[in-house]
Amino acid sequence: MASHLIRIPRLYRRIAPFYAPLRPFWTGTACRAAERYFESVALPGALTPQSEVLDLGCGPGVNLKRLRSLNLPFAHYIGADLSSAMLAKRNGHSLAASSFILSDVHRLPFQANSFDVILSTWMFSHLIHPSLVVREARRLLRPGGWLIITCFIRPGWLSDMLFRPVERWFLMHDISLNEIQDWPGLVDVKTFAWGCNAVVRLRNNEVLA
Ligand SMILES: C[S@@+](CC[C@H](N)C(=O)[O-])C[C@H]1O[C@@H](n2cnc3c(N)ncnc32)[C@H](O)[C@@H]1O
């Protein structure tokens, strides 16, 4: 896992200059339905004007821009990413009520019960053990808080065969629906694009009445 933490920033140092301009090409095609569900159902269902929001693997801050352009309510946004090159591209997105930190999402420098909504878009597929990050996110969530994830999944052998070479190059790992079903606090999983994308909603309901 430690070598992964060196290889990810190295990969994104190369990708960062092109990432934001190229993002609409894949989020507007292969990932369009998942992105739409995330924006129109998952985010509005979780956010309130009091929400303290944490964005795991925030990259250049596209989710902060999205919250603002969709006029969604929140109190404060923090983006966390392991790549300083990606964070450096957040020009113009880091206005008031927001901050960004350079951090590995496995070990975030926040106290328990700090956030109402934790987001993560298209980052989970980089994780070797995603359930460890789900556990860390649940530590940080307040009772009733939401964890909302968009990620790539593998529905079967054909997608396995097609995506494996690309995944290897992008340091990505298989996440299966079976694995997601075991994540604690799972509310629902919606799949899109022939089962290749998922929007996962989890909730910290441990202390809810
Ligand atoms: C595909 S980009 C997604 C960026 C943004 N969330 C979006 O939707 O465009 C994946 C991001 O996850 C970050 N990342 C990967 N592993 C990470 C880790 N262990 N800790 C923090 N960030 C990580 C990468 O540096 C990269 O910026």
Item to check | Test set (1) within 27 Å of Gly145 (Cβ to Cβ); (2) modelled with pLDDT under 95; (3) more than 8 Å from the ligand (Cβ to nearest atom); (4) of a type outside the set (Phe, Trp, Tyr) - Gly45 fails condition number | outcome: (2)
Item to check | Residue check for Asn204: buried (at least 21 other Cβ atoms within 10 Å of the Cβ), of a type in the set (S, T, N, Q), more than 14 Å from the chain's Cα centre (by Cα) and at pLDDT below 95 | outcome: yes
Checklist outcome for this item: When Gly61 is run through (1) under 19 Å from Val200 (Cα atoms); (2) buried (at least 22 other Cβ atoms within 10 Å of the Cβ); (3) small (Gly, Ala, Ser), the failure sits at (1)
Checklist entry - Of the residues that sit in the range 1-40 and are of a type in the set (A, V, I, L, M), farther than 22 Å from Arg90 by Cβ and touching a residue at least 12 places away in the same chain (Cβ under 8 Å), which one is farthest from the ligand (Cβ to nearest atom)? => result Ala33
Checklist outcome for this item: For the range 1-29 the number of residues that are farther than 25 Å from Ser131 by Cα and not in a helix (DSSP H, G or I) is 2
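The values are calculated or read from the model by the stated rules, or taken from the named source; none is laboratory data. If you're wondering where the values come from, they're calculated on a predicted model, not measured in any experiment. Cβ: placed from backbone, ideal geometry, glycine included. Neighbour counts: every protein chain shown.
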